[in-house]
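Below is one structure, written out as structure tokens; the observations come after it.
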Amino acid sequence: MAAVPEITAAELARLLDRGEPVQVLDVRAPERVAAARIEAPAFVALPNSRLFLTADLAAAGLDPERPVAVVCDRGFSSRATVGFLSLRGYRAASVAGGMLAWARATVVREIDAPAPLDRLLQFERPAKGALAYLLIRADEALLVDPGRDLEPCAAALEASGARLVAVADTHAHADYLSGGPAAARRWGVPYYLPARDGVSPFDGRPARIPFEPLEDGDRITVGDLEIAIEATPGHTEGSVTLRVADAFALTGDFLFVGSIGRPDLGGRAASWTAELWTSLQRATASWPSSLRVLPAHFASDGERREDRSIVAPFGEVRTSNPAFAHESAAAFSAWVESCCPEPPAAYRTIKLANLGLVQVDAELADELEAGKNQCALAG
């Protein structure tokens with residue numbers, strides 16, 4: 001078993017991102033696949049209990065001419081599957097760490113940096129549909145909305161030669177555990193969080209993590225660049241957008257390319273829906289069409305540009321995003337209500353953990369973060 005070929009989750013993510021002809025075979029139980037799976041053009045779900053009894057693997061969907069990445073929960077049972085496939089002539093490799101590793105896999109993508117930035121990196125976690133950013137100006141860097149695996153950020157920082165000066169979250173996240181506080185400790189820099197998100201929305205308890213509060217109109221300086229903080233509440237009470245003049249805006253979970261952040265994850269759907277409507281109206285009135293929107297999540301490949309990045313000019317978002325199709329607050333509220341499925345039970349725990357109000361070990365963290373984000377309105 002020690003000689004079984006393996007591929008890391010990060011390597012698989014890069015292959016899929018490049019459009020390489022790799023097929024993914026998921027050998028977990030059907031209910032596990034339904035809860036979370038690898039989004040791949042060539043995907044076959046076939047549990048080992050059936051696979052080992054299948055005489056014609058090609059008829060089951062496996063192309064013998066293409067390499068196979070085999071995934072299970074933790075990377076153990078997939079190794080036996082690889083041996084089985086190899087004896088039948090397939091070029092197969094086990095995904096090391098299984099779906100647990102896939103949940104943390106990151107693709108680092110450099111985006112054409114809008115002036116006055118020197119460089120802009122987008123960190124994509126395909127399993128979560130989550131996006132973080134590294135902004136670089138004059139050899140200084142700002143990290144925004146990082147996940148808990150900081151190694152891709154550390155590698156990018158080292159390669160760039162830039163010095164991290166601050167970490168910021170656009171809001172208190174509910175779908176993944178923030179790496180912001182840990183990054184601030186690791187690099188000895190300030191951690192910024194919106195002031196209104198520094199308390200539990202469920203019971204008003206204050207956060208037990210050190211942070212620098214962000215308010216509307218504040219500035220974060222990176223090199224000689226000032227990044228303005230613009231309050232865009234609604235997804236959370238304190239959600240902010242980081243905006244550089246009319247060039248670009250990191251919108252967090254306020255505004256996505258194809259949707260907006262749902263306002264019901266803090267137990268205050270009615271009041272946060274009203275705030276979300278106001279934020280959208282304010283953006284419509286003051287944001288230029290050319291402003292580049294850089295969100296913290298995406299839902300599908302339809303939101304990508306040709307270079308695979310997730311970014312769009314605000315004029316395009318305003319035209320195609322259904323959130324902007326409503327002429328009144330009442331119509332918007334009715335649409336929001338129709339698009340909010342039951343929030344995942346884990347989201348309350350994640351939000352409290354991000355405020356330091358509950359403790360989460362690594363095993364529980366993996367369970368809490370399983371599956372794609374459900375922060376966007378589903379309609």
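The values are calculated or read from the model by the stated rules, or taken from the named source; none is laboratory data. Quantities reported herein were computed from a predicted structural model and do not represent experimental measurements. So basically every Cβ, Gly included, is an ideal-geometry build from the backbone, and we count neighbours across all protein chains shown.
The residue pairs whose first member lies in the stretch 47-71 and is free of Cβ contacts under 8 Å to residues at least 40 places away in the same chain, whose second member is of a type in the set (K, R) and part of a loop (DSSP other than H, G, I, E, B), and whose beta carbons are closer than 7 Å, counting only pairs six or more residues apart or on different chains, are P47/R28; L57/R88. When restricted to residues that are in a loop (DSSP other than H, G, I, E, B) and small (G, A, S), the stretch 224-267 contains 9.
Answer with yes or no whether P210 is assigned to a loop (DSSP other than H, G, I, E, B) and either more than 26 Å from S300 (Cβ to Cβ) or of a type outside the set (A, V, I, L, M) (or both). Yes, satisfied. Filtering S333, S309 for residues that are in contact with a Lys or Arg (Cβ under 6 Å, 6 or more places away or on another chain), in the same structural domain as D253 (by TED's automatic domain parsing) and not β-branched (V, I, T) leaves a single hit, S309. Once the stretch 243-257 is narrowed to residues that are out of contact with any Phe, Trp or Tyr (no Cβ under 9 Å at 6 or more places or on another chain) and either aromatic (F, W, Y) or in contact (Cβ under 8 Å) with a residue 60 or more places away in the chain (or both), the residue that is farthest from G180 (Cα to Cα) is A247. So, L280, is that one in contact with a strand residue (DSSP E or B) (Cβ under 8 Å, 6 or more places away or on another chain), on the phi < 0 side of the Ramachandran plot, in a helix (DSSP H, G or I) and surrounded by 13 or more Cβ atoms within 10 Å (Cβ to Cβ) or not? Taking the combined requirement at face value, the residue satisfies it. Looking only at residues in the stretch 302-320 that are of a type outside the set (A, V, I, L, M, F, W, C) and outside any helix (DSSP H, G or I), the one that is surrounded by the most Cβ atoms within 10 Å (Cβ to Cβ) is S309.
Here the strands (runs of 3 or more DSSP E) wholly within the stretch 112-173 that include at least 1 residues being buried (at least 18 other Cβ atoms within 10 Å of the Cβ), touching a residue at least 60 places away in the same chain (Cβ under 8 Å) and of a type in the set (F, W, Y) are 130-137. Total residues in the stretch 52-71 satisfying the condition of being under 11 Å from V27 (Cα atoms) and either in contact with a strand residue (DSSP E or B) (Cβ under 8 Å, 6 or more places away or on another chain) or not assigned by TED's automatic domain parsing to the domain that holds R14 (or both): the figure is 3. Does V33 qualify as being outside the structural domain of F123 (by TED's automatic domain parsing), in contact with a Gly (Cβ under 7 Å, 6 or more places away or on another chain) and without any contact (Cβ under 8 Å) to a residue 24 or more places away in the chain? Considered against the rule, which asks whether it is outside the structural domain of F123 (by TED's automatic domain parsing), in contact with a Gly (Cβ under 7 Å, 6 or more places away or on another chain) and without any contact (Cβ under 8 Å) to a residue 24 or more places away in the chain, V33 comes out as no. Quick check: is even one residue across the stretch 196-210 crowded, with 24+ Cβ neighbours inside 10 Å, assigned by TED's automatic domain parsing to the domain that holds Y347 and under 21 Å from A132 (Cα atoms)? Taking every residue of the stretch 196-210 in turn, at least one turns out to be crowded, with 24+ Cβ neighbours inside 10 Å, assigned by TED's automatic domain parsing to the domain that holds Y347 and under 21 Å from A132 (Cα atoms). Restricting the search to helices (runs of 4 or more DSSP H) fully inside the stretch 321-379 and requiring at least 3 residues that are without any contact (Cβ under 8 Å) to a residue 24 or more places away in the chain and in contact with a Cys (Cβ under 8 Å, 6 or more places away or on another chain) gives an empty result. Number of residues in the stretch 1-30 that are among the basic types (K, R) and either touching a Gly at 6+ places or on another chain (Cβ under 6 Å) or crowded, with 18+ Cβ neighbours inside 10 Å (or both) equals 1.
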